[in-house]
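Please treat every number below as a calculation from the coordinates, not as lab data. Not measured: the values here are computed from a predicted model. Backbone-built Cβ (ideal geometry, glycine too); neighbour counts: all protein chains shown.
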Amino acid sequence: MNPPYSATLGKAFDADDFDTLQPSSRTSGMNLNVARPLGGVSASLSLNAMRTTSNGLSGIPWITLVLPAGSPWSLDGAPVTLERAFNGTRALRSQNSAESLGGSLSLTGRIWGVQTDLVISMSNSTSSNLVETGVAVASLQRRLDDNDAAFDPFGPIGVSFLQASRSRSRATSTNIRLNLQKAFLQLPAGEVSWSLGASVSRSHSLVSQIGTANSLSSSFSQAMSAEQISVNIPISRTGSAFALFGNLDADFSFNRQSMGGSGAALSYGSGLGWIPLRGIEVRGALDRMQIVPASDQLNGPLVTTVSRIFDYSRLETIDISWTIGGNPLLRPGRQSGLTLTMAVKPLVRQDLSLSVGYRRSSARNASTAFPELTPDIEAAFPERVVRDAAGKLLSVDARSISVARQDDAVLTSGISLRLTGRRSASRRTRPLPARNPLQTNLALTYQLQLASKSLIRPGLPVIDWLAESGTSRHSATFRLNVGKRAFGSSLNATWKSASFITSPDETLRRTSPVVFDLTSFLNLEYLVGTRGSGWSRGLKFSLDIHNALNSYPRVALPDGRTPDGYLGGDIDPLGRTVRIAIRKQF
């Protein structure tokens, strides 16, 4: 074995200083909105622009070179193994930038007795990415083996020996949408109303990627159109000549959506709404639809970043190349569903509502976002995951995927209460509503996931997300809002039950904490009493605290231990975040 040799730069440094848990980012944006009445129509123009940049470090690359026998750089002429940092404290970088520019024009109003809404929008987005992945050690070793006198293995090494992937993308889209609504027939129980909608869109994307084994340059264009019609028919009305069933309504809808090269996707829906007694509302709906992938799923900008994830196969937290963006290979799918809901308001004078609902859905060949990389997902998409010879995770292609079959069933329930302040009145009269009352809203919701199973493609085993792939069976949210026009605060809490992830050797138990979010706002326009004029017009301050208790998920082995590679700071490097915003309307 060749004797080891370590080359130093003459100074000590902490390697953690050159490895970011999360890239630093900077976002700037502008929104401009102008609204004007044009006769009986309201017109509005909106322009928006945004730029986002991020920069991260992935550690100092270390290289191992062998000085061959007889090399002038060897102290005694014998083969020597040289271990050194690539170039001092020069760390591997990941840089991303994205710019977008968009605008829309909308017209809303009644034209010839028909409620009309017309929206025309355009957008243009670009992105560029640089991810340095390592050093071309083989090229450096070749120069040593050739006794290249110009190459000093102890001196600075040029950045041209860094291995990197670069990508650029541009996407443009144009969309026109028209909606019409009108009542056209009077029945004993009320008016029958119809709604018509139509939209057309066209998008184009250009992607170039170099520096990887899958270097490519491609362009993709897509044209889409959609037509929709819905009809609402009142069947029965309390207090009318036809009040046999209380308040009963039926609605029907039909939608046709076409995507260039893929034919038309048709959707059907029907529903019944029933109010048998005051304070009780029951609704049922059936839907069957063919699903066309969204524009961003097809031709979104290609973005590669260095992301830190937990590798469940090796039980370690690791930095990898994570690629997202459009997938032009997605095709339309289909989905059917059944929805049943009931809401009860038991107190006449209090805004108290109790609700319960059931939803069952089944999708075929549906397009969805790439899920968390569990062992089941890696087994289903081996072509999306790259590992080295030792099994270390290197990169993941996390663009949208198609799932052959997805079946879900969920039960929901909730309770909400709204309290409004009132002005005092005489003893003989009831309290009167305040002009600007203090309002309190409370809401608690609970969800029970009854089933969630996927078949990625025929021939693969069915994935049970509840049993083995990290989906929680129980979840709950709590919301409390207190405020008025001048000021207000809210508290939001979310909770999920433990979930389980099956790795090659054992089953991991993941627990999620209760996450509390706090927000407050101060609207000076109403606080100082200068509404409509003065320096405080449209001036608003807001404070947002996310994850106020600085909690994070935890993973445990069957014996209760936390894997050595699972660290809270790695999983959620930000933890508690505080944002302060100032908005001024001119």
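Some notes on this structure:
- Antiparallel DSSP beta bridges within region 472-586, as percent of all bridges there, nearest 5: 100 percent
- If the chain linking Ser230 and Trp62 were pulled fully straight, counting 0.36 nm for each residue of separation and taking away their Cα-Cα distance, it would gain 54.1 nm.
- Net charge of neighbours whose Cβ lies under 11 Å from the Cβ of Ile545, counting Lys and Arg as +1 and Asp and Glu as -1: 0
- Computed extension length for Tyr446-Ser24: 148.3 nm, one decimal, from 0.36 nm per residue of separation with the Cα-Cα distance subtracted.
- Charge sum, other residues only, whose C-beta stays under 10 Å from Glu378's C-beta, Lys/Arg counted +1 and Asp/Glu -1: 0
- Between Leu574 and Ala264, the distance separating the two model label sites (each 7 Å from Cα on the Cα→Cβ line) works out to 4.5 nm.
- Region 336-369 and region 463-505: distance between their alpha carbon centers, rounded to Å: 18 Å
- Three-way shape label, region 472-586, alpha-carbon gyration tensor, a/c 1.5: prolate
- In the chain, lysine pairs with alpha-carbon atoms under 21 angstrom apart (chain gap of 8 or more, or interchain): 4
- Two-site FRET efficiency, Thr108 against Val462, from Cβ-Cβ distance with R₀ of 45 Å, rounded to 0.05: 0.40
- Charge-dipole axis of the chain as Lys and Arg at +1 and Asp and Glu at -1 on Cβ define it, positive-most pick from Ala226, Gly239, Phe500: Gly239
- Shape call, the chain: gyration tensor on alpha carbons, a/c limit 1.5: prolate
- FRET efficiency for Ala548 and Asn481, using Cβ-Cβ distance with R0 set to 25 Å, rounded to 0.05: 0.95
- Neighbourhood net charge (11 Å Cβ-Cβ; Lys/Arg +1, Asp/Glu -1) for Leu466: -1
- Computed [θ] at 222 nm, deg cm²/dmol, the chain (DSSP H ≥ 4; -39,500 (n - 2.57); rounded to nearest 500): -1000 deg cm²/dmol
- Here is the list for region 462-537: GluC sites (Glu not before Pro) lying in DSSP coil, each with at most 14 other C-beta atoms within 10 angstrom of its C-beta, are Glu506.
- Per DSSP, loop trypsin sites (Lys or Arg not before Pro) in region 369-400 with at most 16 further Cβ within 10 Å: Lys392
- Once both labels are positioned 7 Å from their Cα atoms along Cα-to-Cβ, the gap between Ala138 and Ser46 label points is 5.2 nm.
- Shown here for region 252-352: trypsin sites (Lys or Arg not before Pro) in loop regions (DSSP other than H, G, I, E, B) with at most 12 other Cβ atoms within 10 Å, namely Arg278, Arg349.
- Residue separation of Thr341 and Ala369 scaled by 0.36 nm, minus their Cα-Cα distance, works out to 7.3 nm of gained length.
- Highest mean packing comes first when the peptides 487-493, 402-408 are listed by Cβ atoms within 10 Å, giving 402-408, 487-493.
- The Cα center of region 552-586 and the Cα center of region 101-135 differ in position by 33 Å.
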